[in-house]
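Worksheet: one structure, shown below.
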Amino acid sequence: MYLITHSTQPTHLTQIHSLLLKTSLLSNNFILANFLRRIISNTNLLYARSVFDQISNPDAFIWNSMIRAYLAAQIPQQSIALFDQMRREEGVLIDSFNVSLVVQACGRAGDVEYGLRVHTHVFKRGFCSDLFVQTALIEMYAKLGFVGVAERVLGEIEEPDLVMYNVLLGEHVRVGEVALARRLFDEMPERDLVSWNTMVHGFVRCGDVGGAREVFDEMPERDLVGWSSMIAGYAKSARPSEAVKLFYEMQLDHVRPDGVVMVSVLSACGEMGALGMGRMVHEYIARNRIEVDVKLGTSLVDMYAKCGDIENSLTVFENMVVKDVYAWSTMIVGLANHGKGELALDYFAKMISLGVEPDDVAFIGALSACTHVGFVERGRTLFSSMNDVYRIEPKIEHYGCMIDLLGRTGQLEEARELIKNMPFAPDAAVWRALLSACKRYKNAKLAEDATVKLLELDPHSDENYVLLSNMYSQTKKWSEVANIRRLMRARDIQKIPGSSSIEADNVVHEFIAGDKSHPKSNDIYDMLEEMNDRLYAAGYEPVMSSVLQEMDDQTKQNALVTHSEKIAIAFGLLSTPSGSPIRIVKNLRVCEDCHLAIGIISSIYHRKIIVRDRNRFHHFVDGSCSCQETPGLLAKPPIIPIPSKSVAGPLPWSNGLLGVLPRTANSIHHSKQDANSSDSDDEIKSANTKSTSLLLLDHQTSIPTAIVKASNKRNCKVRPLSQEEPFDQEKELCHFNEKQRHIAQRSKNPEA
């Protein structure tokens with residue numbers, strides 16, 4: 001027995017088996033039962049079954065061990081077959097325990113007929129009052145879809161225990177009957193952590209995050225499961241800031257996160273484009289030695305890619321020991337979205353060479369990569385191989401990629417034919433891709449066909465009208481532009497307000513067009529004015545067609561200046577170190593004017609600017625963009641020198657730490673013009689000082705410390721030098737001091 005209980009390796013078990021055969025101990029059911037249980041605990045079910053079949057007279061305990069092993073391995077049909085075989089054996093006692101096992105197996109296998117037979121057997125044997133059998137019957141009928149019968153079984157029990165209630169509660173949640181689950185939850189005489197967690201999970205699963213949060217807030221105590229469910233709910237419901245905030249609160253509650261929680265938090269960071277927060281989470285994972293399995297590693301790859309740091313995404317991917325198809329697909333899609341089409345295709349080929357069969361997501365990445373680099377033939381080959389080689393039926397997303405590829409390369413008629421031959425009706429995204437291609441190649445006839453279809457399928461999307469208006473403006477069909485505007489007014493089409501966010505010092509700042517609500521708004525608009533002056537000096541001409549409203553040219557120019565991405569870039573120039581990349585996340589597609597302007601700004605200020613819009617990433621470097629939509633924005637970018645070193649020493653307010661945030665503080669600073677769209681609970685307000693919060697993970701305690709940075713003082717900037725002006729440090733220091741005095745005066749008298 002000592003050898004059996006202390007065996008840890010599969011080789012130990014085979015040696016013990018040999019010993020049992022030599023010593024004729026295979027006839028001892030007590031030893032065999034323990035040996036069989038040890039084999040099962042090592043998850044070697046085939047070996048366990050071979051040993052079981054060699055036992056001449058297994059007793060009820062051995063039968064139960066084997067039946068339960070199949071049930072735990074999610075093979076309930078074998079559990080039913082073994083029970084049926086056991087019933088026909090002479091001298092084997094049928095007890096309530098093996099009956100409860102086979103009842104569970106019937107529910108999980110969906111075997112209604114055998115389940116009813118076993119229930120009859122329960123009455124015959126007098127097991128109706130057995131707690132195990134009663135609980136199993138509730139689970140079986142709920143799994144078989146007979147919820148009313150399950151509730152009746154529960155109602156007929158004189159004193160049902162908490163386990164029975166939790167079983168029925170879990171089954172209601174599993175089948176999506178959250179209303180029934182809530183009713184039962186409210187009727188339960190008592191509840192434990194399982195009850196509360198099940199209810200939170202049920203609301204999250206059906207998409208009711210608000211309902212989940214209500215239950216979560218009422219919980220008398222919370223464990224890792226409850227926190228994990230709630231954080232995952234926020235992350236999956238496109239509410240990433242709440243997910244990050246809850247992660248912070250979880251640590252304050254001294255609950256140690258696991259890999260599952262980290263996957264949700266990384267997803268939230270990627271959604272926001274919060275690279276600083278994502279890096280801190282990565283450091284936390286390493287510092288606390290949380291195991292980086294395939295799922296967590298894939299989440300890190302995805303986070304870095306979505307935050308615009310494709311280099312770190314590649315590094316994490318290459319360091320992963322095990323890579324499944326999801327990891328490969330994530331990396332391929334990430335590379336494609338960043339415009340690295342050839343590298344994405346190289347990784348796709350490498351994946352196949354290593355024997356990993358691609359899935360439909362990997363093909364989306366590969367086809368998108370072909371689109372970005374213009375590989376038409378390669379795209380056709382990949383598209384054909386989906387069905388011919390890998391037996392993957394192309395979905396509408398794959399057709400959309402092919403239409404985009406053909407459209408971008410000017411093969412509009414072939415794209416139109418592909419739409420006609422699709423095995424399902426094209427959606428609005430497909431027609432929008434064709435219309436974009438028509439706009440690029442000025443094919444008015446095909447554009448009109450696409451327009452009719454697009455407005456039939458998606459008549460309320462402002463993006464469609466913007467695209468149409470831009471196309472007509474490009475061909476100077478002003479009457480058609482006016483018709484589009486009238487149509488928008490008649491249908492009450494409201495353009496979704498564009499917003500752009502940028503992370504600075506681990507705080508995400510969000511701006512909308514014309515936004516003046518940020519604490520540093522005056523400095524931002526000073527920088528905007530400077531940017532505009534230097535843009536015009538570099539030969540920039542605004543793209544007026546990007547403004548749909550009827551207004552004069554000067555008003556249009558003013559509107560273009562205050563687009564959200566330009567405000568975010570101005571803030572980035574003020575708030576990030578000189579020469580560092582500026583990363584922007586835009587909720588809509590970047591307009592043509594901003595695309596042109598950002599390219600020139602990247603050249604003027606010698607900054608790499610990475611913009612993530614609704615479709616892809618744009619890497620602007622020295623006047624050109626990775627998307628190649630407007631190659632060669634500046635044939636010879638003007639050399640406008642900027643001092644290589646800023647004024648020595650920290651800014652005057654950089655060490656002004658005010659204290660620790662209260663529990664309700666949020667690490668996301670929202671700056672929106674409409675007060676109704678902001679969350680007042682997530683802002684820290686003071687009568688004299690507006691502030692933004694910073695979430696830090698303390699390296700010693702592993703508990704995040706939220707620091708409030710005083711921002712009542714305005715950020716100041718070093719005045720860029722003209723092309724002829726040499727750098728004079730003394731002169732620049734004088735200018736800096738003069739600017740400081742001006743800021744001090746303005747803070748005393750804001751209207752000045």
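The values are calculated or read from the model by the stated rules, or taken from the named source; none is laboratory data. What you see is a predicted model, and the numbers here were worked out from it, not measured in a lab. Neighbour counts run over all protein chains shown; Cβ positions are idealised from the backbone, glycine included. Surface accessibility is based on the protein's heavy atoms, side chains included, excluding ligands, DNA and RNA. Shrake-Rupley method; radii C 1.70, N 1.55, O 1.52, S 1.80 Å.
At-a-glance table
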{"read-out": "Extension gain (nm, one decimal) between Val356 and Glu530, 0.36 nm per residue minus Cα-Cα", "value": "57.4 nm"}
{"read-out": "Ordering of 496-502, 387-393 by packing [mean C-beta count within 10 Å, highest first]", "value": "496-502, 387-393"}
{"read-out": "Cross-link pairs beyond the 27 Å C-alpha cut-off, checked among Lys395/Lys566; Lys323/Lys608; Lys306/Lys556; Lys340/Lys566", "value": "Lys395/Lys566; Lys323/Lys608; Lys306/Lys556"}
{"read-out": "In nm, spacing of pseudo-spin labels at Arg117 and Glu214 (7 Å Cα→C-beta vector)", "value": "4.6"}
{"read-out": "Alpha-carbon Rg/Rh ratio, for segment 336-467, with Rh computed the Kirkwood way", "value": "1.00"}
{"read-out": "Largest to smallest accessible area among Asp458, Asp533 [probe 1.4 Å]", "value": "Asp533, Asp458"}
{"read-out": "Gained length - Asn483 relative to Glu342, 0.36 nm times residue gap less alpha-carbon distance", "value": "46.5 nm"}
{"read-out": "Under 20 Å from Lys442, Cα to Cα: aspartates and glutamates that are on another chain or at least 8 residues apart", "value": "Asp404, Glu413, Glu414, Glu417, Glu463, Glu480, Glu592, Asp593, Glu629"}
{"read-out": "Dimensions (Å) - segment 174-268, Cα atoms, principal axes, largest first", "value": "36, 26, 19"}
{"read-out": "Estimated D of segment 57-97 in µm² per second, where Rh is the Kirkwood radius over Cα pairs and Stokes-Einstein applies at 20 °C, 1.002 mPa s", "value": "209"}
{"read-out": "Accessible solvent surface per residue of segment 196-285, calculated while the other protein chains remain in place, 1.4 angstrom probe, Å²", "value": "36"}
{"read-out": "Dimensions (Å) - segment 190-246, Cα atoms, principal axes, largest first", "value": "34, 21, 15"}
{"read-out": "Estimated FRET transfer efficiency when R0 is 60 angstrom, pair Met544-Gln54 (beta carbons, to 0.05)", "value": "0.10"}
{"read-out": "Simple label model, 7 Å out from Cα along Cβ direction - Asp458 to Thr555, nm", "value": "2.9"}
{"read-out": "Gain upon complete extension [Ala429, Ser517; 0.36 nm per residue less C-alpha separation]", "value": "28.2 nm"}
{"read-out": "Euclidean distance of C-alpha centroids, segment 154-215 and segment 283-351, integer Å", "value": "38"}
